[in-house]
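Asker: Have a look at this one.
Any read-out appearing in this document is the output of simple, stated calculations on the displayed coordinates, not a laboratory observation. No experiment lies behind these values; they were computed from the predicted model shown. Note that each Cβ is placed from the backbone with ideal geometry, even for glycine, and that neighbours are counted across all protein chains shown.
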């Protein structure tokens with residue numbers, strides 16, 4: 001049995017670890033409320049854009065590159081964007097994103113496509129860099145509270161890649177791998193085909209992973225808008241914003257998931273540390289008891305021996 | 001008419017207004033009750049709102065669009081800052097909302 005000193009020092013170090021985990025958990029749970037508020041605050045803007053998109057779609061025979069474009073050109077290059085965390089201590093958050101991304105990459109490879117990788121979040125970047133993978137673009141920092149600016153940068157880069165002609169290295173599709181925040185306990189990794197935008201009726205297949213875009217309302221008469229300066233120019237102005245707001249939405253839900261999974265992971269870690277402290281304390285007590293018993297036996301034994309001599 | 005002004009990261013102002021002036025692509029556009037439905041691109045400029053309770057609100061905005069129909073005006077902009085006294089106003093409103 002190990003010495004009491006060894007047990008004591010192990011208990012102490014486990015206690016300080018438990019304190020750290022506990023603090024991390026509390027920090028994460030305070031961030032969740034914030035992340036949720038941020039997501040709620042951004043909702044009206046994306047709703048407004050969705051509405052505007054819906055009326056544009058209802059009114060105009062849209063033929064914008066964002067909707068179909070390059071599938072005809074047979075361009076095998078596609079972009080894949082993985083949204084991971086900046087910091088660890090979030091359980092399986094980043095590793096499940098990476099697993100899904102790897103799966104998607106090999107699936108695309110199998111379909112004869114050439115995936116180009118874009119990564120958001122330091123953990124993901126270091127994973128792919130360590131394996132010497134080609135990364136087209138990376139963004140780091142603020143994965144737990146992404147601002148509008150970073151969404152703007154990302155959508156700018158990705159749209160540029162999408163809008164470029166195939167001969168200049170443009171891509172024909174854009175996939176986003178991110179974590180959806182279902183609730184505090186459940187976060188689901190989802191693969192979303194962001195571009196080209198598919199206009200689908202939400203009532204038919206709202207569960208379809210590929211269904212992005214506003215529902216085309218076929219019931220009711222949509223208001224007859226006048227477009228200023230023209231329908232095409234309004235479309236040109238709104239579509240990039242639409243993509244940007246979708247990307248911002250993905251970033252925000254990913255941030256909420258990251259915080260939630262960090263809280264869960266830290267909660268489990270705290271529980272484990274406390275269990276370990278209990279076990280070690282029991283062992284410490286047993287070993288102290290054993291040493292007392294041994295001392296007593298020695299004293300009694302030697303006293304007996306002295307008595308016999310007399 | 002009801003006005004809803006939202007920025008990319010937060011709702012800015014919503015309420016009833018008598019009139020609105022927005023910096024449309026081809027120049028400032030004034031909107032009163034029962035204006036025809038319109039969807040316009042907004043460039044950098046100033047939005048002026050006249051709430052029913054009187055006074056005037058001014059916001060500096062940047063890039064966005066505005067949609068008006070059925071006496072509902074929705075203005076979505078990328079960046080928005082309140083100028084002058086309505087900084088106070090919206091602050092008080094935000095406090096009331098919380």
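Asker: For B:63-74, what's the mean count of beta carbons from other chains sitting within 10 Å of each residue's beta carbon?
Answerer: On the way: counts 2, 6, 8, 3, 10, 3, 6, 1, 0, 2, 0, 7.
Per residue, the number of nearby Cβ atoms from other chains is 4 on average.
Asker: Right, next: Under the rule of -39500 (n - 2.57) per DSSP H run of 4 or more residues, summed and divided by the residues of the protein assembly as shown, what mean residue ellipticity at 222 nm is obtained, to the nearest 500 deg cm²/dmol? Could the numbers behind the result be given before it?
Answerer: Numbers: 6 runs with 190 residues, N = 408.
So the calculated ellipticity at 222 nm is -17000 deg cm²/dmol.
Asker: Report, to the nearest 10°, how far helix A:148-163 tilts away from the longest principal axis of the Cα atoms in chain A, using its own Cα long axis and a range of 0 to 90°.
Answerer: 50
Asker: Measure nothing fancy, just the Cα-based angle from helix A:4-59's long axis to the longest principal axis of chain A, in degrees from 0 to 90, nearest 10.
Answerer: 10
Asker: Right, something else. For the protein assembly as shown, give me the percentage of DSSP beta bridges that are antiparallel, rounded to the nearest 5 percent. Working shown, then result.
Answerer: On the way: 46 of 71 bridges.
Looking only at bridges with both residues in the protein assembly as shown, the antiparallel portion is about 65 percent.
Asker: Also, I was wondering about something else. For segment A:98-124 and segment A:126-168, write down the distance between their C-alpha centroids in whole Å.
Answerer: So the two Cα centres are separated by 13 Å.
Asker: Continuing with this model, one more query. Can you give the relative contact order of chain A as a percent, counting alpha carbon pairs under 8 Å and 6+ residues apart? Don't jump to the answer; show the numbers that get you there.
Answerer: Working: 437 pairs, mean separation 92.6, N = 310.
That works out to 30 percent.
Asker: A further question follows. Using Cα springs under 10 Å in a Gaussian network model of chain A, which residue among A:257, A:143, A:126 shows the largest mean-square fluctuation?
Answerer: A:126
Asker: Restricting to bridges with both residues inside segment B:2-97, how much of the DSSP beta-bridge set is antiparallel, in percent to the nearest 5?
Answerer: Working: 38 of 44 bridges.
Once the DSSP bridges in segment B:2-97 are tallied, antiparallel ones form about 85 percent.
Asker: Now for a different question. Quick one: helix A:231-309 against the long Cα principal axis of chain A, what's the angle to the nearest 10°, folded into 0 to 90?
Answerer: Around 10 degrees separate the two axes.
Asker: Under the classification rounded if a/c is under 1.5, otherwise prolate if a/b is larger than b/c and oblate if not, where does the protein assembly as shown fall, given a ≥ b ≥ c as square roots of the Cα gyration tensor eigenvalues? The partial results should precede the final answer.
Answerer: Values: a/c = 3.70, a/b = 2.00, b/c = 1.85.
It comes out prolate by the Cα gyration axes.
Asker: Using Cα springs under 10 Å in a Gaussian network model of chain A, which residue among A:251, A:296, A:195 shows the largest mean-square fluctuation?
Answerer: The residue that fluctuates most here is A:296.
Asker: While we're here: In the calculated pair distance distribution of segment B:2-97, what percentage of Cα-Cα distances lie above 16 Å?
Answerer: Values: 2273 of 4560 pairs.
Roughly 50 percent, once rounded to a whole number.
Asker: Report relative contact order for segment B:2-97 in percent, whole number only (criteria: Cα-Cα under 8 Å, sequence separation at least 6).
Answerer: On the way: 215 pairs, mean separation 26.4, N = 96.
Rounded, it is 28 percent for segment B:2-97.
Asker: Among A:30, A:13, A:155, which one shows the highest mean-square fluctuation when chain A is modelled as a Gaussian network with alpha-carbon springs under 10 Å?
Answerer: Of A:30, A:13, A:155, the Gaussian network model singles out A:13 as fluctuating most.
Asker: Also, I was wondering about something else. Roughly speaking, what is the centre-to-centre gap between segment A:1-52 and segment A:233-307 when only Cα atoms are used, to the nearest Å?
Answerer: 12
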